[in-house]
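Everything below concerns the one structure shown next.
Readers should treat all values here as calculations from the given coordinates under stated rules, not as data from a laboratory. Remember, predicted model here, so these are calculated numbers, not experimental data. Virtual Cβ from ideal backbone geometry, glycine too; neighbours counted across all protein chains shown.
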Amino acid sequence: MKAPTPILSIRDLSKRFGGVQALSGVTVDIRQNEIASFIGPNGAGKTTIFNMICRIYDPTSGTISFNGKDLLRHRPHHLAGLGIGRTFQNLALFRHGTVVENLLVGMHAHLKSGVLDGALFLGRTAREEAQAREEVERIIEFLEIEEIRNQPVAMLPYGLQKRVELGRALATRPKLLLLDEMVSGMNQEETEDIARFVLDLRDELNMTVIMIEHDMNVVLDISDTVHVLNFGVPIASGTPAEVAGNPTVIEAYLGAAHA
Amino acid sequence: MRTRTYRENYRELTELLPYRSSWNWYALLLAVLVSLPFMVPTYVMTYVTLILIAAVGAVGLNIVTGTAGLISLGHAGFLAIGAYTAGIAISTYGWPIPAAILAAGFVSAAASLLVGVPSLRLKGLYLAITTLAFSIIVVHLINQWEGLTGGSSGMPVGRPDFLGIPMRSPASMFYLTLVIAGLTVLGTLNLLRSRVGRAWAALRDYDTAASMMGINLVRYKLLAFAVSSFITGVAGSLMALNIRYLNTDSFELIVSIEAIAMIIVGGLGSVRGAILGATLITVLPDFSRYVLSLFGGALGSIASGNTAEIKGIIYALVIMLFLRFEPDGLAHQWNRTKRFWSDWPYSRK
């Protein structure tokens with residue numbers, strides 16, 4: 001099942017913000033169709049990696065390639081078209097819209113209509129909108145959010161807003177999905193739902209998933225590979241079992257006394 | 001209570017009006033408007049023409065400020081560019097009216113790119129100041145460029161016949177405005193429910209997330225300015241045709257404030273709101289003056305002598321009151337009322 005060529009290849013990635021070295025020398029390969037997790041204490045540089053993949057930041061040095069293409073040559077709005085989708089650590093929904101409208105925005109890169117098409121709303125545009133609506137409906141069904149589809153997202157409880165954000169990322173039709181602290185603040189049941197969705201996305205829709213996650217149960221249960229960062233430095237990589245038994249990791253998390 | 005609201009396919013979910021019965025109401029509204037010249041005295045019809053022109057302008061401003069969230073205090077400038085473009089096209093070059101209206105839109109949209117470029121870097125108050133400066137520069141330019149615009153002595157605008165239809169009467173001006181307003185409203189409603197409109201709302205609400213959805217922020221901000229200014233320029237051309245004599249007094253700062261008041265009162269981002277707001281803000285100063293004049297004496301003479309001051313005070317009051325008590329505007333009130341009646345007798349207060 002696992003293809004030999006990596007879908008995402010990060011080489012010697014470093015990022016310096018003024019005097020702060022946020023990330024130094026990270027080299028990671030993400031294989032096709034795996035679930036990979038980045039873990040590490042707050043400020044370890046996990047979200048910085050996501051933001052560089054998403055082209056929000058430029059790295060100070062290093063390279064990122066996606067399916068063999070140099071990602072650093074692209075701008076943020078190219079990513080949806082390339083097949084990279086993401087959710088944000090803090091909610092980043094379009095808060096004036098309904099669930100359906102948020103998901104439709106997610107389809108932006110795959111629709112074509114321009115100003116004149118939209119204003120006239122004739123054959124091709126009307127067909128495109130109906131097809132987009134149908135695709136959105138499939139995502140709604142997959143995420144089991146049928147009851148709230150027409151509600152304004154700002155009115156929804158936190159866990160559901162996160163789920164809508166996952167839906168919006170799915171609407172970009174990603175091959176690679178980046179989830180930034182998806183289950184933080186969720187209760188046990190909501191967390192289990194999300195874990196089930198992530199497994200389904202991998203198994204049924206052949207997506208590759210990278211998670212940044214603090215919930216160790218989720219990380220150890222569903223990841224194929226775990227990468228550990230501490231103060232911007234990679235300290236371990238491996239299967240969940242390998243990482244969980246690694247003395248350096250235990251030291252970083254629990255302090256030297258437990259190592 | 002409204003019934004039979006089930007949808008059977010995805011096409012029905014994307015329709016402009018969700019309920020069949022809504023079409024009947026809009027058909028009725030259209031019928032009333034079309035027969036208006038036969039039912040009311042000329043001054044009422046002329047007043048409705050003014051409201052419709054204001055509505056076109058408000059719908060235009062609402063695209064960039066309400067939907068895309070880019071504050072413009074400079075729309076009087078685009079209105080002026082549209083008005084003078086139409087005026088010059090008709091009076092100097094003898095263009096037919098529809099061509100002059102389109103030219104007004106396009107010249108205005110092109111000028112908007114000048115303001116659009118700083119909008120890529122500026123936000124909020126800074127953008128407001130930049131756009132304000134733009135409109136002041138436009139007015140100066142018009143006053144200085146006498147050879148083209150007639151400068152401060154103004155410029156007469158004719159209303160040439162079009163395809164043998166005489167355009168001189170108030171009724172033909174009313175119908176022309178009604179057609180343009182109808183096309184503007186329909187086109188904007190369609191635009192806002194399709195890909196481009198959603199992209200504008202997305203970049204207003206969360207620009208980083210919007211760009212992750214594949215929205216090119218630079219392109220869509222400029223596009224919002226261009227489309228908004230196109231419509232405002234068209235409104236300007238209608239103004240020129242309506243008043244038939246242009247000078248820059250019609251495009252002072254108060255006009256931009258008036259436009260902002262319309263969309264705040266109506267409800268930011270809502271087309272219906274822009275129309276309701278345009279109606280209220282157009283009627284309110286005249287209504288207040290009328291009420292003040294009823295008191296006679298000192299109040300009456302204040303009312304007749306200080307039109308501009310009264311306007312300013314009213315806009316300020318209305319903007320503050322709406323921001324405080326109904327920030328979602330008249331459109332929100334409309335929806336609440338509509339829901340009440342469509343759920344009746346099962347509606348909850």
Study note, to complete from the structure: Averaged over the residues of A:50-62, the number of partner chain Cβ atoms within 10 Å of each residue's own Cβ comes to 1
Check your understanding: Between rounded, prolate and oblate, where does the protein assembly as shown land on the alpha carbon gyration tensor, with a ≥ b ≥ c its root eigenvalues, rounded for a/c under 1.5, else prolate if a/b exceeds b/c?
Key -> prolate
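What does the charge count near residue A:227 come to, summing +1 for each Lys or Arg and -1 for each Asp or Glu among other residues with Cβ under 12 Å from its Cβ?
That works out to -4.
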Point to revise | Radius 14 Å from Cβ of residue A:200, net charge of other residues (Lys, Arg +1; Asp, Glu -1) | key: -2
Revision key, fill the gap. Contour minus Cα-Cα span, residue B:288 to residue B:179, at 0.36 nm per residue, comes to 36.2 nm
Exercise for review: Please find the FRET efficiency linking residue B:307 to residue B:40, where r is the Cβ-Cβ separation and R0 is fixed at 30 Å, and quote it to the nearest 0.05.
Suggested key: 0.80
**Study point:** residue A:7 long-range amide H proximity, modeled H, under 5 Å
**Key:** A:30, A:31, A:32
Exercise for review: Mind running the shape call on the stretch A:3-155? Use the C-alpha gyration tensor, a ≥ b ≥ c as the square roots of the eigenvalues: rounded below 1.5 for a/c, prolate if a/b tops b/c, oblate otherwise.
Suggested key: prolate
Check your understanding: Which whole-Hz ³J(HN,Hα) couplings does the stretch A:15-27 yield from phi under the Karplus relation 6.51 cos²θ - 1.76 cosθ + 1.60, θ = phi - 60°, glycine and proline marked x?
Key -> 9, 10, 9, x, x, 9, 8, 6, 8, 9, x, 8, 10
Review point. Mind checking which of B:290, B:47, B:315 has the largest fluctuation in a GNM of chain B, springs on alpha carbons under 10 Å?
Key: B:290
Practice item. Take chain B, connect every pair of alpha-carbon atoms lying under 10 Å apart with a spring to form a Gaussian network, then pick out the residue of B:219, B:204, B:159 with the largest mean-square fluctuation. Key: B:219
Study note, to complete from the structure: The answer for residue A:22, listing residues at least 5 apart or on another chain whose modeled amide H is closer than 5 Å to its amide H, is A:15, A:16, A:17
Study note, to complete from the structure: Expected vector for the stretch A:239-249, Karplus 3J(HN,Hα) from phi with 6.51, -1.76, 1.60 and θ = phi - 60°, integer Hz, x for Gly and Pro, equals 5, x, 5, 4, 5, 5, x, 6, x, 5, 5
Review point. So how do B:86-94, A:197-205, B:52-60 stack up, highest first, on mean other-Cβ count within 10 Å?
Key: B:52-60, B:86-94, A:197-205
Review point. Shape call for chain B from the C-alpha gyration tensor, a ≥ b ≥ c root eigenvalues: rounded (a/c under 1.5), prolate (a/b greater than b/c) or oblate?
Key: rounded
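Can you tell me what share of the DSSP beta bridges in the protein assembly as shown is antiparallel? A percent to the nearest 5 is fine.
60 percent
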Point to revise | Integer Hz, Karplus 6.51/-1.76/1.60 couplings in order for the stretch B:202-207, x for Gly and Pro | key: 5, 6, 5, 6, 6, 5
Check your understanding: Long-range amide H contacts for residue A:38: which residues qualify at under 5 Å (H placed 1.01 Å from N, peptide plane, sequence gap of 5 or more or a different chain)?
Key -> A:211, A:212, A:213, A:227
Revision key, fill the gap. Comparing B:319, B:165, B:136 in a Gaussian network model of chain B (Cα, 10 Å), the one with the largest mean-square fluctuation is B:165
Review point. Where in the stretch B:100-117 does the label zone of residue B:133 land, with the point 7 angstrom along Cα→C-beta and an amide N cut-off under 19 Å?
Key: B:111-117
Practice item. Determine which residues of the stretch B:92-133 fall in the zone a paramagnetic label at residue B:140 would reach in this model, i.e. backbone nitrogen under 15 Å from the point 7 Å along Cα→Cβ. Key: B:130-133
Exercise for review: Sum up the charges of everything whose Cβ sits under 10 Å from the Cβ of residue A:152, counting Lys and Arg as +1 and Asp and Glu as -1, but leave residue A:152 out.
Suggested key: 0
Point to revise | Over chain B: helical MRE at 222 nm, DSSP H runs n ≥ 4 each giving -39500 (n - 2.57), nearest 500 | key: -24500 deg cm²/dmol
Exercise for review: May I ask you to sort A:112, A:162 by Cβ crowding, counting other Cβ atoms within 10 Å and putting the fewest first?
Suggested key: A:112, A:162
Check your understanding: In nm, to one decimal, how far is the residue B:92 label point from the residue A:189 one, both placed 7 Å along Cα→Cβ?
Key -> 7.2 nm
Point to revise | Rel. contact order, % - alpha carbon contacts under 8 angstrom, at least six apart, the stretch B:48-139 | key: 38 percent
